[in-house]
Amino acid sequence: MTPDRLLASLLKTYSGSRAKADTARIHRFSRHITNRKYEESVAWCCERMRALGFDDVERLTFPTDGKRLYGTWITPPCWNVDKAWLKLKLNGRWESVANHARIPTSVFQYSAPTSGEIRTQLVPANCRHAAGKLVFADTLRETPESLAKRKAVGLATDFAPNWPGVRGPRHFLDGHRWDNAYLLEDQAGLAGFSLSRRQGRRIRRALARDGAVDCRFEIKGTRGPGDLHCATGCLRGTEKPDEEIVIVAHLYEPGANDNCSGVAGSIEALRAIKSLIARGVLPPPARTIRVVFTFEIVGFLAYFEHVRKRGKTYVAGVNPDMIGQDQKRCRSTLHVYRAPDAVSTFADPLLWHLIRQAAGKALRFESRPFIVNDNAISDPIVGGPCPALIHLRDRYYHSNEDTPANVSARTLNLVGGAMAAYAYAIAGLTPALACEIARLCVAAGQRRLRRETRGDRHRLDYLLDRELARLTALERWSGACLNDARERLRATTRRLRPDTKPIPVPASRALRSRADSLIPVRTLPGPLTLQYLPPEQRAREAFNPAWSPKLNLAVFWCDGKLSVWDLYLLHRQEWDKPLSPDKFVDFFVFLARHKLIRLRQRRMPKSAAAQRRKKRE
């Protein structure tokens with residue numbers, strides 16, 4: 001069966017309405033943003049998968065306490081709230097401006113519990129005497145560390161970012177932004193409140209007039225050690241069950257689109273495949289198709305570390321994150337993020353083709369380079385190549401207004417159906433199907449060679465190498481012989497070569513020699529961070545790889561054989577705005593100093609002159 005015929009069958013069977021209904025069911029739990037409710041969402045996913053007849057359904061737990069690391073990512077504290085609220089005295093009357101029971105995102109996640117009700121004042125950020133006060137400020141300008149130094153009790157803010165064409169100052173007037181990062185590492189016992197833009201305008205007027213506003217607040221709950229929960233299930237492969245295609249979608253966030261839609265859409269993808277198998281339309285897949293649902297990035301690092309000894313091999317993955325947007329309401333675009341060049345894969349052209357065929361003119365979609373998200377399992381020492389499907393940004397992103405009303409059954413059908421076809425095609429890969437996918441790889445590769453060579457012969461050779469690597473991976477997993485496809489790519493390269501010339505790398509001979517003498521060796525999995533350092537020290541460091549695709553993609557190339565100079569030559573071709581050669585060397589020395597990698601000294605062959613000198617002696 002061709003990819004297009006497979007897609008047509010799954011689009012008919014995949015129910016966007018069922019996926020939207022499941023999105024709403026998961027959202028009933030996740031909207032509360034407490035560990036207690038998140039655990040209920042994990043339990044619901046397990047029950048749903050068992051009811052649908054999935055194989056090997058498991059609920060796993062991993063310790064979390066706000067200090068433990070998985071890879072270099074800090075685990076969040078376990079946070080539960082019984083009640084949390086903030087009231088302000090405006091125009092002589094007490095008004096409720098934040099209440100966790102009504103709008104959970106109006107309270108910062110990880111706010112510290114209080115000893116009963118706190119009576120104080122809300123003061124502006126420029127107030128000289130903030131001790132014991134709640135500060136009204138922008139989270140980008142006032143850090144938890146600065147609040148702690150000023151002995152403030154916490155922060156209230158109406159900050160919400162804008163994105164051109166998606167959200168502007170006149171939008172999102174009554175929404176409350178979800179903040180899950182500001183107090184993640186707080187040790188001072190601060191409270192945080194997220195207010196709407198409309199509330200913020202009134203507060204600014206009151207502060208300008210009176211200088212301070214009387215306030216009362218209380219946070220009753222717990223913050224400390226606990227567990228991260230993970231739900232997983234699969235359709236077990238009939239011939240090669242230990243070779244897996246893995247769909248990773250995070251829970252532990254409050255939005256219906258972000259990311260109840262990704263979880264519900266993944267469950268529906270396996271249900272649709274299972275239905276076609278039961279009806280005899282599709283044969284059972286040779287390989288296992290697995291779904292994994294847990295906390296973003298850190299939960300997946302914990303999961304893959306947990307299952308490492310089970311002998312699984314990951315052929316490819318996909319990361320559905322925010323796949324259900326009503327694009328008209330949300331003003332969003334579906335971004336198809338590619339896997340890193342270090343793990344060049346046939347999965348990228350396959351997924352892009354299926355999305356194009358499914359979405360057509362019904363959805364806005366774009367191809368984008370790798371970003372750091374749950375597709376970080378693309379790291380060669382974690383999982384397998386993993387493209388991502390993400391609507392970034394949308395008008396209601398990370399807020400209480402990301403509700404099932406903004407989820408589209410039609411979008412779920414188109415994106416989810418394409419994702420299901422992608423997963424099944426790789427799980428059931430045959431030599432005949434591999435030849436069909438090879439045609440997609442060649443067409444995509446030829447476009448890339450023509451579009452991205454930029455007259456640079458080194459870049460032309462790099463691009464050819466990466467496109468050939470896709471075919472090598474396809475041959476490995478299918479057993480097909482794809483020499484004809486290789487020759488078509490080489491022929492395109494030969495036609496382009498006369499219009500190129502070698503563009504030299506601006507680096508001194510001494511720098512090249514130094515970089516070529518250093519061999520980085522990986523010691524830690526996943527995208528790297530500095531979260532093991534205190535925030536203030538972290539801010540002073542020359543590099544911070546957290547959430548940085550530019551820096552982490554360079555690390556993904558490390559195989560214990562390539563030198564820093566070899567890595568730089570790859571880095572400058574993969575990334576549009578690469579580091580300078582000296583900064584690149586400094587970055588790897590920095591990583592070694594922080595014990596994030598190990599630098600091994602390459603044994604350099606002695607020069608002929610040195611050998612003659614030794615002989616004379």
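Mind listing whichever residues of segment 172-187 are open to solvent by 60 Å² or more (accessible area, probe 1.4 Å), at pLDDT 95 or above and more than 22 Å from the chain's Cα centre (by Cα)?
Asp174
Tally the residues that are more than 22 Å from Ala342 (Cα to Cα) and surrounded by 13 or more Cβ atoms within 10 Å (Cβ to Cβ), restricting the search to segment 482-502.
5
Suppose we keep only residues that are in contact with a Gly (Cβ under 6 Å, 6 or more places away or on another chain) and more than 30 Å from Gln531 (Cβ to Cβ) within segment 47-76. Which one would you say is surrounded by the fewest Cβ atoms within 10 Å (Cβ to Cβ)?
In this case the residue turns out to be Val57.
Pick from Arg279, Arg290: which is without any contact (Cβ under 8 Å) to a residue 24 or more places away in the chain, open to solvent by 10 Å² or more (accessible area, probe 1.4 Å) and over 30 Å from Gly189 (Cα atoms)?
Details: Arg290 fails: without any contact (Cβ under 8 Å) to a residue 24 or more places away in the chain.
Of Arg279, Arg290, the one residue that is without any contact (Cβ under 8 Å) to a residue 24 or more places away in the chain, open to solvent by 10 Å² or more (accessible area, probe 1.4 Å) and over 30 Å from Gly189 (Cα atoms) is Arg279.
Of these, Val97, Val135, which one is hydrophobic (A, V, I, L, M, F, W, C), touching an Asp or Glu at 6+ places or on another chain (Cβ under 9 Å) and either more than 24 Å from Arg393 (Cβ to Cβ) or crowded, with 23+ Cβ neighbours inside 10 Å (or both)?
Val135
Which of the residues belonging to segment 459-502 are assigned to a helix (DSSP H, G or I), charged (D, E, K, R) and more than 35 Å from the chain's Cα centre (by Cα)?
Asp484, Glu487, Arg494, Arg495, Arg497, Asp499, listed by residue number.
Please go through (1) open to solvent by 60 Å² or more (accessible area, probe 1.4 Å); (2) part of a loop (DSSP other than H, G, I, E, B) for Leu524 and return the number of the only condition it doesn't satisfy.
Condition not satisfied by Leu524: (1).
Give the number of residues within segment 384-420 that are open to solvent by 10 Å² or more (accessible area, probe 1.4 Å) and among the hydrophobic types (A, V, I, L, M, F, W, C).
Qualifying residue count, segment 384-420: 3.
Restricting attention to segment 307-329, which residues are assigned to a loop (DSSP other than H, G, I, E, B) and either among the basic types (Lys, Arg) or under 20 Å from Ala485 (Cβ atoms) (or both)?
Answer for segment 307-329, where residues must be assigned to a loop (DSSP other than H, G, I, E, B) and either among the basic types (Lys, Arg) or under 20 Å from Ala485 (Cβ atoms) (or both): just Lys312.
Might you check whether a residue that is closer than 23 Å to Ala302 by Cβ and modelled with pLDDT of 95 or more occurs anywhere in segment 201-222?
yes
If a residue has to be open to solvent by 10 Å² or more (accessible area, probe 1.4 Å) and either in contact with a helix residue (DSSP H, G or I) (Cβ under 7 Å, 6 or more places away or on another chain) or within 23 Å of Arg5 (Cα to Cα) (or both) to count, how many in segment 373-383 make the cut?
Number of matching residues: 3.
Please count how many residues of segment 1-20 are over 15 Å from Met419 (Cβ atoms) and either open to solvent by less than 40 Å² (accessible area, probe 1.4 Å) or not in a helix (DSSP H, G or I) (or both).
2
Considering only residues that are β-branched (Val, Ile, Thr) and within 18 Å of Leu482 (Cα to Cα), look in segment 430-470 and name the one that is most open to solvent (accessible area, probe 1.4 Å).
Let us first name the residues in segment 430-470 that are β-branched (Val, Ile, Thr), namely 430, 437, 442, 453.
Restricting the remaining residues to those that are within 18 Å of Leu482 (Cα to Cα) gives 430, 437, 442.
On the way: Thr430: 60, Ile437: 0, Val442: 6 Å².
Only one residue tops the list, namely Thr430.
Of all residues being of a type outside the set (A, V, I, L, M) and in contact with an Asp or Glu (Cβ under 9 Å, 6 or more places away or on another chain) in segment 300-316, which is surrounded by the most Cβ atoms within 10 Å (Cβ to Cβ)? Just the residue, please.
Result: Phe300.
Taking segment 317-329 as the search range and keeping residues that are open to solvent by 10 Å² or more (accessible area, probe 1.4 Å) and in contact (Cβ under 8 Å) with a residue 40 or more places away in the chain, which one is farthest from Ile371 (Cα to Cα)?
That would be Arg329.
If I go through segment 330-343 residue by residue, how many of them are closer than 13 Å to Pro369 by Cβ, not in a strand (DSSP E or B) and not hydrophobic (A, V, I, L, M, F, W, C)? Walk me through how you get there before you give the answer.
Of all residues in segment 330-343, those closer than 13 Å to Pro369 by Cβ come to 335-342.
Right, trim to not in a strand (DSSP E or B) and you get 338-342.
If we keep only those that are not hydrophobic (A, V, I, L, M, F, W, C) too, we end up with 338, 340-341.
Number of matching residues: 3.
Output yes when any residue across segment 67-80 is small (Gly, Ala, Ser), within 30 Å of Asn544 (Cβ to Cβ) and in contact (Cβ under 8 Å) with a residue 60 or more places away in the chain, and no when none is.
Taking segment 67-80 as the starting set, the residues that turn out to be small (Gly, Ala, Ser) are 71.
Filter once more, keeping what is within 30 Å of Asn544 (Cβ to Cβ): 71.
From what's left, in contact (Cβ under 8 Å) with a residue 60 or more places away in the chain: 71.
Scanning segment 67-80, I find at least one residue that is small (Gly, Ala, Ser), within 30 Å of Asn544 (Cβ to Cβ) and in contact (Cβ under 8 Å) with a residue 60 or more places away in the chain, so the answer is yes.
Identify, by number, the condition in (1) of a type in the set (A, V, I, L, M, F, W, C); (2) free of Cβ contacts under 8 Å to residues at least 40 places away in the same chain; (3) in a helix (DSSP H, G or I) that Ile203 doesn't meet.
(2)
Scan segment 345-367 for residues that are within 24 Å of Val292 (Cα to Cα) and open to solvent by 20 Å² or more (accessible area, probe 1.4 Å) and jot them down.
Trp352
The values are calculated or read from the model by the stated rules, or taken from the named source; none is laboratory data. Predicted, not measured: the structure shown is a model, and the values here were computed from it. Backbone-built Cβ (ideal geometry, glycine too); neighbour counts: all protein chains shown. Calculation scope for accessible area: heavy atoms of the full protein, side chains included, ligands and nucleic acids excluded. Shrake-Rupley method; radii C 1.70, N 1.55, O 1.52, S 1.80 Å.
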